[in-house]
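Enquirer: This is the structure I want to talk about, given as structure tokens.
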Amino acid sequence: MATLKQRFGKRLRQIREQRRMTQERFAEALDLSVDFLSLIESGRNAPSFETLDKIAKRLRMPVSDLFTFERN
């Protein structure tokens, strides 16, 4: 079973790709490095609460929606 970090990263990547945003463009909008965003999306790192808030605001969605995962 995937870890929470992995599931979150996969969800964030799906949302970003649905909105046709590159990692570069999304990272810039969040004021994050592309490397850090990549680590989050790959499930190797987790965002802080502050970063979660920035992500949700940039995507114009509640933070809770970032944790709505597909059932496996």
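The values are calculated or read from the model by the stated rules, or taken from the named source; none is laboratory data. Quick caveat: nothing in here was measured; it's all calculated off a predicted structure. Backbone-built Cβ (ideal geometry, glycine too); neighbour counts: all protein chains shown. Side chains are part of the model used for accessible areas, which takes the heavy atoms of the whole protein and leaves out ligands, DNA and RNA. Shrake-Rupley method; radii C 1.70, N 1.55, O 1.52, S 1.80 Å.
Enquirer: What do you get for the angle between helix 49-59 and the principal long axis of the chain? Use alpha-carbon atoms, 0 to 90 degrees, nearest ten.
Expert: Between the helix axis and the principal axis of the chain, the angle is about 80 degrees.
Enquirer: Right, next: Classify the chain from the C-alpha gyration tensor, please: rounded if a/c falls under 1.5, else prolate or oblate depending on whether a/b exceeds b/c.
Expert: It is rounded, given that a/c, with a ≥ b ≥ c, falls under 1.5.
Enquirer: Per DSSP H run of at least 4 residues, take -39500 (n - 2.57); add these up for the chain, divide by its residues and hand me the 222 nm value, nearest 500 deg cm²/dmol.
Expert: -17500 deg cm²/dmol
Enquirer: Trypsin sites (Lys or Arg not before Pro) within the stretch 16-72: which are DSSP loop residues with at most 14 other Cβ atoms inside 10 Å?
Expert: Arg19, Arg20, Arg44, Arg60, Arg71
Enquirer: Sorted by accessible area (1.4 Å probe), largest first, how do Met1, Met61 line up?
Expert: From most exposed to least exposed: Met1, Met61.
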